[in-house]
Amino acid sequence: MSEDFFSQAPEGEQPFEMPDWLEYLHILRASWRILSALTAAFVMAGTFFYANTPDEYTSKTRIVVEPMSLQENDPEYQRASMSRVMVDRPYVEMQAAFLVSPKAIAEARRDLSIPDATRVLNAESGWGEWFKSALLKVPFYYVAARQAGETRMIDLSVAGPDPEVTARLVNRLTAIFVRENAQEKFFMSQQVYGWLRDDAGEGAGPNLTPEVTGEEIESIGLIQNDDEIKRLKDDKQKILGEVRNLAQRYKPRHPVMASMRDELIKIDNAIADRKDRIVKTLRSSLEGKTAISNIRVLGVAHPPVSPSGPHRILGILMWGITGFLIGAFGILYSEKYNQKIRVEGDIPQSLKQAFLGNIPVVPNLARREELQKTDDPSVFFTDLMASELLLKDAVTTVRTHILFSASYQQSRRLMITSATEGEGKSTVSLLLGLSLASLGRKILLIDTDLRKPKLHEYLHLNNAKGLTDYLVGAAELREVVRPVPGTSLNVITAGQPTLNATGLISSDRFHGLIESLGETYDRVIVDTPPILRVPDALIIAKSVPCGILVCGSRIVDKKAVKKAKQKFDLMRRTLVGIILNRLDYEREYLGFEQGYYDEYKEKNRLRLKNDIPAQPAKSSVRPVRKN
């Protein structure tokens, strides 16, 4: 047999691997109690918060920031105002920020006599001030000014507990904004008009004097930002580009060049007329011919009748969702950085394997090397099963699950393995063999870990001859099979450690031995090496149809268990289930399970103290009839 046959999956068969997102769902489903409790706690906290939150009223108004390029009674101005929906966004945002600036809010508070204990917050206050006010239950009003889309309109709103105060705040802030804007425009007009006047005196006409240069005119913001002037200048640049290109083919007196010069003259005249009209507008602003302010208020704010918030149902729902997300994040984060299997719930549910039971930590079992120094050390495990009721019942539970999880014919040959070393698979194999033997059946336990054998140490048996000697032809079968005193359990130890363990396990003599022993004994339990460390367990699986995976509590991680399950899938072998070994009930907060046995433990302590022999326990499992 080839030694690398186990590295290949059977033809047409691929092991099933659970997607990561589905594994996360299994993890959250297993922790549904924690998620439910945390979600319920956040829902209750949200309910309490909104029950103590007063109603909120919002007053609104809308302000239009008009351009100051032409006179309002000019038809061209009206046409331009209707067409220019898109404006300079930074300018409108600057006006909105000025509308709710701390200076304007402070003046409005003073004019409306708002108490100092009441806070008026804006976007610059930040969430910290808002949360502090809400936590201390201090009355506060929130002022906001935002540009309405990409238009020249600004929406001003004030939200707070008193509808009268919100409406008054909106109207007062609007009045302050209009007043300040008008004063600013009036001051700018005064400055510009001072150097736009002609020598003939005030009211002598719009003609510019030699004192006013072209650079001074171009520096006026209304001229720089005028869309019509920008368009005319763009057209002029295009024509100049065409003139440069045509100058290579035509002479200056050519009709084409003459028409180009006429177009340039028309554009220059149009630009000059446009600038002259803007200058007239500035002069007339000071003379009172047009309104100075470019701000229009579309309506007066009135006290709202019904509250605008808070949205309690939606808020409580968001609190619950927040609690669920926090719980899910905490569970998945803990799952990511705590991969050790501790309790049954840590076994990945995506494996879809039966859980056969827990084997608890037993102090006497940990001290077996000291306690086995007796005249008859081979009976140590037998006495341990009789004295430790918690261990005995746990092993009985595992045995019962095994008997009902697989048919008798299928489970007559059973291999017990683990993902890694040190998980206690040999101890579990021996305990399970003793438990099955207590039913009066003929059980054989084989130690196939030819590299690091353990069973002969646990039973203090001579390991001079064992499985290795039989496979190399140095011993007969009757020489290597040894009974355990007081039970119907027989053991084949591993024999002397060998470097050719894989070759011996792969031999036809080994597989023939397993086949013949399966017919002789009611059940054959094969204790194999760790399935992820060496290939021996996979080779043995060719002769043993069923397997059990032992997981050491706080020893093995979940990824190793998944890989071990994939090995069974590769070999098309049935994994009966998983046994969790060395579980510390008190450490893992499972004291309620251990407390069930407190009465029996006390009786057991008194029995041992008085040297009263234990009564043999009757099995609750009916032996399965052999076919």
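The values are calculated or read from the model by the stated rules, or taken from the named source; none is laboratory data. Only a predicted model underlies this, so the values are computations on that prediction, with no experimental measurement involved. Every residue, glycine as well, gets a Cβ built from its backbone with ideal geometry; the counts of neighbours run over all protein chains shown. When the accessible area is computed, the model is the full protein with side chains, heavy atoms only, and any ligands, DNA or RNA have been set aside. Shrake-Rupley method; radii C 1.70, N 1.55, O 1.52, S 1.80 Å.
For the list (1) surrounded by fewer than 21 Cβ atoms within 10 Å (Cβ to Cβ); (2) at pLDDT below 90; (3) more than 46 Å from the chain's Cα centre (by Cα), I need the number of the one condition that residue 407 fails.
Going through the list (1) surrounded by fewer than 21 Cβ atoms within 10 Å (Cβ to Cβ); (2) at pLDDT below 90; (3) more than 46 Å from the chain's Cα centre (by Cα), residue 407 breaks only (3).
Starting from residues that are of a type in the set (D, E, K, R) and surrounded by 17 or more Cβ atoms within 10 Å (Cβ to Cβ), keep the ones in region 44-61 and report whichever is nearest to residue 92 (Cα to Cα).
Checking each candidate, the answer is 60.
Do we find that residue 420 is open to solvent by less than 30 Å² (accessible area, probe 1.4 Å) and within 51 Å of the chain's Cα centre (by Cα) in this structure?
Here the answer is yes, as residue 420 does meet what is asked.
Can you find even one residue in region 294-304 that is within 30 Å of residue 64 (Cα to Cα), at pLDDT 90 or above, in contact with a Lys or Arg (Cβ under 9 Å, 6 or more places away or on another chain) and exposed (fewer than 15 other Cβ atoms within 10 Å of the Cβ)?
Yes.
Which of the residues spanning region 219-271 are under 23 Å from residue 89 (Cβ atoms) and either among the basic types (Lys, Arg) or touching a helix residue (DSSP H, G or I) at 6+ places or on another chain (Cβ under 6 Å) (or both)?
222, 223, 228, 229, 230, 231, 233
Within region 484-533, count every residue that is touching a Ser or Thr at 6+ places or on another chain (Cβ under 8 Å), modelled with pLDDT of 90 or more, closer than 20 Å to residue 456 by Cβ and of a type outside the set (Gly, Ala, Ser).
Of the residues in region 484-533, 10 are touching a Ser or Thr at 6+ places or on another chain (Cβ under 8 Å), modelled with pLDDT of 90 or more, closer than 20 Å to residue 456 by Cβ and of a type outside the set (Gly, Ala, Ser).
If I ask for residues that are β-branched (Val, Ile, Thr), crowded, with 20+ Cβ neighbours inside 10 Å and not in a helix (DSSP H, G or I), which ones from region 121-178 would you list?
Scanning region 121-178 gives 143, 154, 158.
Tally time: how many residues in region 505-531 are of a type in the set (Asp, Glu), more than 47 Å from the chain's Cα centre (by Cα) and under 15 Å from residue 466 (Cβ atoms)?
Total meeting the criteria: 0.
Would region 50-73 turn up any residue that is under 30 Å from residue 330 (Cα atoms), part of a helix (DSSP H, G or I) and at pLDDT 60 or above?
yes
Which pairs have Cβ atoms under 8 Å, sit 6 or more apart or on different chains, and link a residue in region 435-455 that is polar (S, T, N, Q) to one that is part of a loop (DSSP other than H, G, I, E, B) and modelled with pLDDT of 90 or more?
Every condition considered, the pairs that remain are 448/494; 448/528; 448/529.
Residues being among the small types (Gly, Ala, Ser) and either in contact with a strand residue (DSSP E or B) (Cβ under 8 Å, 6 or more places away or on another chain) or closer than 21 Å to residue 533 by Cβ (or both): count how many of those fall in region 431-464.
2
Condition check ((1) at pLDDT below 90; (2) in a loop (DSSP other than H, G, I, E, B); (3) open to solvent by 50 Å² or more (accessible area, probe 1.4 Å)) across all residues:
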| position | (1), (2), (3) |
| --- | --- |
| 2 | yes, yes, yes |
| 14 | yes, yes, yes |
| 18 | yes, yes, no |
| 25 | yes, no, yes |
| 42 | no, no, yes |
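Can you tell me which residues in region 393-403 are open to solvent by less than 50 Å² (accessible area, probe 1.4 Å) and in contact (Cβ under 8 Å) with a residue 40 or more places away in the chain?
Answer for region 393-403, where residues must be open to solvent by less than 50 Å² (accessible area, probe 1.4 Å) and in contact (Cβ under 8 Å) with a residue 40 or more places away in the chain: 395, 396, 398, 399, 400, 402, 403.
Given the conditions (1) at pLDDT below 70; (2) open to solvent by less than 80 Å² (accessible area, probe 1.4 Å); (3) of a type in the set (Lys, Arg), which single one is not true for residue 367?
Looking at each condition in turn, residue 367 falls short on (2).
Is one or more of the residues making up region 118-136 among the small types (Gly, Ala, Ser), at pLDDT 90 or above and out of contact with any His (no Cβ under 8 Å at 6 or more places or on another chain)?
No - not one qualifying residue is present in region 118-136.
Inspect all residues belonging to region 316-334 and state whether any of them is part of a loop (DSSP other than H, G, I, E, B) and either touching a helix residue (DSSP H, G or I) at 6+ places or on another chain (Cβ under 7 Å) or at pLDDT below 90 (or both).
No, every residue in region 316-334 fails to be part of a loop (DSSP other than H, G, I, E, B) and either touching a helix residue (DSSP H, G or I) at 6+ places or on another chain (Cβ under 7 Å) or at pLDDT below 90 (or both).
Could you grab the pairs with beta carbons closer than 8 Å, sequence gap of 6+ or different chains, first residue in region 265-283 and within 16 Å of residue 224 (Cβ to Cβ), second one open to solvent by less than 20 Å² (accessible area, probe 1.4 Å) and at pLDDT 80 or above?
271/229; 271/232; 274/229; 274/232; 275/229
Can we say residue 465 is closer than 22 Å to residue 522 by Cα and of a type in the set (Lys, Arg)?
no
Please count how many residues of region 442-474 are in a helix (DSSP H, G or I) and either in contact with a Lys or Arg (Cβ under 9 Å, 6 or more places away or on another chain) or surrounded by fewer than 21 Cβ atoms within 10 Å (Cβ to Cβ) (or both).
Matching residues across region 442-474 total 7.
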